Amino acid sequence: MFHNNGKLYAFDESSLPYELDPETLNTIGLSHLELDPDLNIVYNAHPKTDGGNGDWCHFGNSFVRNTSLRITIFDSLGKLKFQRKVESPQYVYLHDWFVTEKHLVFNLHPAHVNIFGFLSGQRSLIDSMEWNPDQGNLIMVLNRDGRGDPIFAPKLRFLYETGSGDEPGWLLTQVYNGHTRKTFMAILDADQLENGPVCTIHNTHHVPISFYGWWKGVS
Ligand SMILES: [Fe+2]
């Protein structure tokens, strides 16, 4: 759920969002975010809002043909800054990303999703994923203004959900402890992930998995 410029949207992972009435939560309908439907843009459920200039940054890809990524960025007033398609050099799995002040960063995983078993209800999404470690991860970095060619760099690590990143700075993520059944927030030095968290903040309860939500203040 994302509230932007007075409108409330519910995103899926590789399609168009639904617009909802922000007061009644009634479904208004499928939304193209006021862009031309012929652009065939897809969105995933992990847009980022720039806390500085208010940019609303989106990427989208398809599990079926996810070698190309769609990147769409709106300014704080909802005006399109740019949208472009970027081809990945290999079949990758991608779920979440980082937006920094100057760059868009994607961790492209060497995983293949056998979507048909998942869509037919035969297998869970996790069971439909095939991990190809020999291929290695690829980090893709693109300029925030959308111009220029993306830069690719190999990296070994699997990352499912990103919190918020900085360059250089801190990485924040939620961790669910299956033994205590509680969730804690971990803060890591972005340059020294291998050292583990420098700080953990413990909840007295769990945060439900697949926690996608939006808090809105009462005005
Ligand atoms: Fe997600």
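The values are calculated or read from the model by the stated rules, or taken from the named source; none is laboratory data. Predicted, not measured: the structure shown is a model, and the values here were computed from it. Glycine also receives a Cβ, built like all others from the backbone with ideal geometry; neighbour counts cover every protein chain displayed.
So that you can scan it fast, the table gives a plain yes or no per residue for (1) surrounded by fewer than 16 Cβ atoms within 10 Å (Cβ to Cβ); (2) outside any loop (DSSP other than H, G, I, E, B); (3) free of Cβ contacts under 8 Å to residues at least 24 places away in the same chain:
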residue: 19; (1), (2), (3): no, yes, yes
residue: 23; (1), (2), (3): yes, no, yes
residue: 32; (1), (2), (3): yes, no, yes
residue: 35; (1), (2), (3): yes, no, no
residue: 41; (1), (2), (3): no, no, no
residue: 46; (1), (2), (3): no, no, no
residue: 53; (1), (2), (3): yes, no, yes
residue: 69; (1), (2), (3): no, yes, no
*Could you please tell me which pairs satisfy a Cβ distance under 9 Å, a separation of 6+ or placement on different chains, a first residue in the stretch 133-150 that is outside the structural domain of residue 95 (by TED's automatic domain parsing), and a second residue that is surrounded by 15 or more Cβ atoms within 10 Å (Cβ to Cβ)?*
none
*Could you give every pair whose Cβ atoms fall below 6 Å, whose first residue belongs to the stretch 92-112 and is more than 14 Å from residue 59 (Cβ to Cβ), and whose second residue is more than 16 Å from the ligand (Cβ to nearest atom) and at pLDDT 90 or above, counting only separations of at least 6 or pairs across chains?*
102/144
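Which one is surrounded by the most Cβ atoms within 10 Å (Cβ to Cβ) among residues in the stretch 176-189 that are in contact (Cβ under 8 Å) with a residue 24 or more places away in the chain and closer than 17 Å to residue 212 by Cα?
183
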*Candidates 116, 59, filtered to the one that is within 17 Å of the chain's Cα centre (by Cα) and assigned by TED's automatic domain parsing to the domain that holds residue 144*: 59
*closer than 18 Å to residue 12 by Cβ and buried (at least 16 other Cβ atoms within 10 Å of the Cβ), is that true of residue 99?*
no
*Name the residue, out of 76, 62, that is assigned to a loop (DSSP other than H, G, I, E, B), modelled with pLDDT of 95 or more and out of contact with any Leu (no Cβ under 9 Å at 6 or more places or on another chain).*
76
*Among residues belonging to the stretch 79-93 that are hydrophobic (A, V, I, L, M, F, W, C) and assigned to a strand (DSSP E or B), point out the one that is surrounded by the most Cβ atoms within 10 Å (Cβ to Cβ).*
86
*residue 160 passes all but one of (1) modelled with pLDDT under 85; (2) assigned to a strand (DSSP E or B); which number fails?*
(2)
*Given the conditions (1) modelled with pLDDT of 90 or more; (2) surrounded by 15 or more Cβ atoms within 10 Å (Cβ to Cβ), which single one is not true for residue 203?*
(2)
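Given the residues 69, 80, which is the only one that is more than 16 Å from the ligand (Cβ to nearest atom), out of contact with any His (no Cβ under 6 Å at 6 or more places or on another chain) and not small (Gly, Ala, Ser)?
Working: 69 fails: more than 16 Å from the ligand (Cβ to nearest atom).
None of the others qualify; the one that does is 80.
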